[in-house]
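Each reported figure results from applying straightforward, stated rules to the coordinates on display, with no laboratory input. Here the structure is a predicted model, which is why all the values come from computation and not from measurement. When we count neighbours, we look across all protein chains shown, and the Cβ atoms used for this are built from the backbone with ideal geometry, even at glycine.
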Amino acid sequence: MPHRLGFALVNEFSAHITEKFNYLWLAHSKLRQCSFGPELRTGPLPAAVTWRSRIRRGNEIVFDKPFLSGEDNMSHTIANLESHHFKYPGFRRPGDVHVHFFGTATLSFSAGVKTENGDIFEIEADAFLFPLRNGLSSAPVAPVAVAAL
C-alpha cells in the first residue's frame, strides 16, 4: 500500500537544447541530477501554491518569474495521478520511494537564458518556509568503452 510522505521543493535541470533538437529525446533531456529540500511538508498541500523561480549569476539575478501550482492550477488531482501511477504492481514494491515532479511552463530556456557554471538556481513557494538553492557545475566528459558481445 503506497503512502505519501509529503511534499518538497524539487529542482530538476533539463537540457532543453537536447529536447529541442529532437522532441523524442524528452526523457534524455532530463537525465540530470536534481536537488530536493530543504524541508518536507506533511499533510495536504494548499489548493493554490504561488512559486518563484530565479537564477542568480554572481550578484545579478538573470531570471526571475512567478508561477502557479497546486490542484487549482492542475489538469488532474494529485490523488488521480497517484492512482494511475500506483496501479502497476512494479510501482508498488515495498521499500521503493517515488518522486513525482509537478512541472511548470516557467522556463529560463524559453526566456533566452543560457545557464553558466556557477549559476545558482532558486525555487521558493508560499507553502514552504525555506527556498531551495542549488548551484550548476559540470564535470569533464569521461570516455566510455563499449564492448560488443
Using a Förster radius of 22 Å, what is the FRET efficiency between T42 and L81 based on their Cβ-Cβ separation? Nearest 0.05, please. 0.75
Along segment 60-68, Karplus-curve 3J(HN,Hα) (6.51, -1.76, 1.60; θ = phi - 60°) to the nearest Hz, with x for Gly and Pro, reads 9, 9, 9, 8, 7, 9, x, 7, 10
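For F128, F21, what ranking results if the residue with the fewest other Cβ atoms within 10 Å of its Cβ goes first?
With the sparsest Cβ surroundings first, the list reads F21, F128.
Please rank D119, D126, D96, fewest neighbouring Cβ atoms within 10 Å first, as an exposure proxy. Could the numbers behind the result be given before it?
Numbers: D119 19, D126 12, D96 9.
The fewest-first ordering by Cβ neighbours comes to D96, D126, D119.
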Rounded to two decimals, the Debye log10 I(q)/I(0) of segment 33-94 (Cα scatterers, no solvent) at q = 0.24 Å⁻¹ is -1.15
In the neighborhood of A125, defined by Cβ-to-Cβ distances under 12 Å, what is the net charge if each Lys or Arg adds +1 and each Asp or Glu adds -1? -2
Among 79-90, 61-72, how do they line up by average Cβ neighbours within 10 Å per residue, starting with the highest? 61-72, 79-90
